[in-house]
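Worksheet for the structure shown next.
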Amino acid sequence: MNDITKYAAAQSKKPYITIATAASMNGYTSKNASLEKDGFKHSHMAIAPRAVIADTTVLANAPKRMTRAGLG
């Protein structure tokens, strides 16, 4: 959902915010949107969110392997 939203925001030239729901994903602040077409993922230029909302307690208590999975 985040990639679709950031791409739509870029196309419509409107700001957006996102909600971080997992420690294992690092794309919340990325300016790229990974969208699928014909069974393949393609990267598209998008925009970064104006804000990211996250429950830091949930993210801090996530298993370390999930947090590591989001790095890089």
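The values are calculated or read from the model by the stated rules, or taken from the named source; none is laboratory data. In this text the structure is predicted, and so the values were computed from the model without any measurement. Every residue, glycine among them, receives a Cβ derived from its backbone with ideal geometry; neighbour counts consider all protein chains shown.
General remarks:
- Taken over segment 38-72, residues that are more than 18 Å from Tyr7 (Cα to Cα), among the small types (Gly, Ala, Ser) and under 13 Å from the mean Cα position of the chain (by Cα) amount to 2.
- Condition met for Asp3 (modelled with pLDDT of 85 or more and out of contact with any strand residue (DSSP E or B) (no Cβ under 7 Å at 6 or more places or on another chain)): no
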